Structures are given as structure tokens and as C-alpha cells.
1. So, with a 1.4 angstrom probe, what is the percent of accessible area on the protein assembly as shown that is carbon and sulfur?
2. For chain B, what does -39500 (n - 2.57) per DSSP helix run (n ≥ 4), summed and divided by total residues, give at 222 nm, in deg cm²/dmol to the nearest 500?
3. Mind jotting down the distance between the C-alpha centroids of region B:119-177 and region B:193-215, whole Å?
4. Under the rule of at least 5 residues apart or a separate chain, name every residue whose amide H is placed under 5 Å from the amide H of B:Phe72.
5. Contour minus end-to-end for B:Gln268 and B:Arg34, with contour as 0.36 nm per residue of separation and end-to-end as the Cα-Cα distance?
6. Rolling a 1.4 Å sphere over the protein heavy atoms, what is the accessible area per residue of region A:2-111, to the nearest Å²?
7. How large is Rg/Rh for the protein assembly as shown, to two decimals, with Cα atoms and a Kirkwood Rh?
8. Using a 1.4 angstrom probe on the protein heavy atoms only, line up A:Asp8, B:Asp49 by accessible area, largest first.
Amino acid sequence: MAVLKIIDIINTPNAILHSFGLKVFEVASESISRNQSIVISFQGLKNITSAFCNASIGKLYLSFPNTSELLFFDGLEDNPIWHEKVQSSIELALNPEKIEQQNQAISDLLCS
Amino acid sequence: MLEYILSSPNQAIYTDFQGSRALLGFYNYAKRYRNCTIKLNFDAINFIDANLSAVLFAMIYDLKKTYNIFTFIDFSTLSKDLNILIRNGFTNHVARKEFTFSPLDNRDTTIPLRVISQTDVDSFCSYIEHDFLHQRGLNPINKQTKDKINNHYLEIFSNVELHTNTKDPVFVCGQYFPIQGEVKFTLVDLGEGFLKKIAAFTEGNVNIKTASKAIDWALSGNSTKKGAFGGTGLLGIKKYCIFSGNTIQVVTDNCHYTHFYRSATSQQILNPMKGTTIHLIFRYLNK
């Protein structure tokens, strides 16, 4: 199975920008679109953001219905914040309306 | 030489609506002119939140770039508490000697002013990690809280690329207030603001027409990106403010928006500057 190291694609340990996420998407989508399994590796990274995760992993889930069967992750085990960001990007891609409603409900509840 | 005397109630400029108005007074006075030098006089001010250096220098940068207006500051007037503007590098930036500057941090509270390209993520991350969170003044904050603060700053930086539509750099500065147990951080961009993109994106749907509603919309986790959602980190910051007693302020278009605990307030700015300013105020004592 091919391993895509994010740090090698974006050339920095700081996976911060939306545009960096799109670069990872471009590389990963070559495999996913051919039904080939891949591992996206977070090894060597120092920082990630929701913008990066949404533009890379979220966009893969939005673009290819079989992504969940083909995409695996490495390097998230010891970092709950990163794990949560990745999971959120997947949930947002799969159920955007539900997530929007949840966010709005939380927002309304907390600020009422 | 033209001269503007900076002023504010109680001779102090804080990170709030009145503080924004005080600084905008200088910007709106200066932008009536072209191709000249204006002396910025601090004699009527005794105190300024040093993180506001980012706002003031963004104004000075824009006045030079857009109107060819130079700003002159008599450093000798920056006495007592105002010498923070010398210690954090603000005056070096105004004098265009920032590259020879290293902060004089004899109180362990100074976080330098920096001007960083929107795409220079490594400089921004290094600034947050080394200039900001590793200072001795922040020792009372545990690692978990520092990680959260770091994460929120990076989310804000990533947001700039998505909404500004400008190549201008961002302006960042912070300040510790050890007695109050607060850290204030300010990031300024000179882009389009929130409303333009959000109004276009929501047309025919929720039809957002005001800056206040646009900020509310963005802070609720929404994004204008189609096909690849943008950052949703602003919602995380809002939740963090609600649960931890911190404050986020967003100044964009004609709105000064404040979210503190469970309440949000917005106040109208009559003569706004372009771009967006985000202030984060973390209260770290007793956590």
C-alpha cells in the first residue's frame, strides 16, 4: 500500500493552509480515483488545522464515495486534537447539513 | 509637518471598542491627505495595550502603501508605560529598521510585533511557539492549555488565506499581563473583510447582509468554500471562549464584535478601516 507523507508533499512540518490541503488532495486522489488503497501519514508534522484537513481529507470524502474503504491514516495515534480534526473533516464532508445544524444548535444553546 | 494627537478616555487605549475608535481616529485623519508625513503624537496617552501595535502598524503600513503617507513618531515621547512600543519593536518597524531589532524583554512580558506573509506558515508557527508561548512569563500555563492556545492561533492564521483576497502580509502582536493573568493577542489583515464573501455565498439562502451577521455565521462553523470546506476553527475558538471565560473580538467592515462567555455584542464603527482584526484574550489564572 502506498504511503503518502504529508510533509513530503507540502515541504513543511506545518500543515496549516487550505492550499496545502488541496496539494495533498491532488496527490491522494490519483490513487483513490483508481481504487488503490493509500495511507496518509502525519509523521513529522508539527501542526495541522481544520482548514488543511477539510481541503485534503474532507475533499477526498466529498469527491470519492469509496474513500472510507481506501484511505488509512498513520501518525494520529498519540494526538487526540489532530484525530478530532481529521474526524470532524470526515463528518463534515459526509453530513454537512447535519453538522451545520449541530453547530447552530450548540451556538444557539450556549449563547441564548 | 501635520500632527495628530492620539487620544482616548482616561488617557488609555485598551483592546476594546473604544480602543478601536481611538486608533481609527488617527487613520481617518491621515487618509484625508496624500504624499506627506504626519507626526503621531502620544502626549495625551499614558497607556496602550501593546498587542494593539499590530493594529496601529497595519494602519501605518496601509497609509504608506495606499496614500504615500509616512508616519513620524518622536520616540522620546514614549515614556513610562508607553516604552513598551519601543521594547516590542513597534518603533523599529515604523522607522523601517525592523530587521536589526531584537526585543528588549526585561520584564518577561513583551511579545514582539511581527509582519508575516500569509503563506509563510513556518515563520508564523515559530513566532507562536518561540516568541509567544515559550516565554518565561507564561510558565503558569500548563502544556495542555498552551497547546490549545497554539491551535487556536493557527486556526486564525489559516482563516486569513481563505477570506482576505489580498497579498498584503498579516500583522501580529501580543502582550502578557501577569497581574491580571491575561494574554492578549492581535492579528490584523488588510483584506476584504468577512461580509463581502459571506453575503455573496449566502445570497438566496440565509441572505446575510450585515457584518455582525456575517461574523456570527463564521463563528458558528460555517465556511464559504465550496467543494472543499474551509476552516471551521473559529467555532472551536468560540466554544473555548464560552467554556473557559476567554474573549474573542472581531473587527471587520463596520462592526466591532465581542464574544465573552455566553454573550455576544456588536457595536457599529462609523469609519472603518479595510481588513479584519481578531483579538483573543486568554485568562489563564486559576485554570
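1. Numbers: 8710 of 17640 Å².
Solvent-exposed carbon and sulfur of the protein assembly as shown make up 49 percent of the total.
2. Helix contribution divided over all residues of chain B: -10000 deg cm²/dmol.
3. Rounded to whole Å, the Cα centres lie 27 Å apart.
4. The list, which skips near neighbours in sequence, is B:Ile38, B:Lys39, B:Leu40.
5. On the way: separation 234, 0.36 × 234 = 84.24 nm, distance 2.74 nm.
Full-extension gain reported as 81.5 nm.
6. Numbers: 5120 Å² over 110 residues.
Computed with neighbouring chains in place, this is 47 Å² per residue.
7. 0.98
8. Values: A:Asp8 105, B:Asp49 0 Å².
Putting A:Asp8, B:Asp49 in descending order of accessible area: A:Asp8, B:Asp49.
The values are calculated or read from the model by the stated rules, or taken from the named source; none is laboratory data. In this text the structure is predicted, and so the values were computed from the model without any measurement. Reconstructed Cβ throughout: ideal geometry from the backbone, glycine too, with neighbour counts over all protein chains shown. SASA here: full protein model, heavy atoms, side chains in, ligands and nucleic acids out. Shrake-Rupley method; radii C 1.70, N 1.55, O 1.52, S 1.80 Å.
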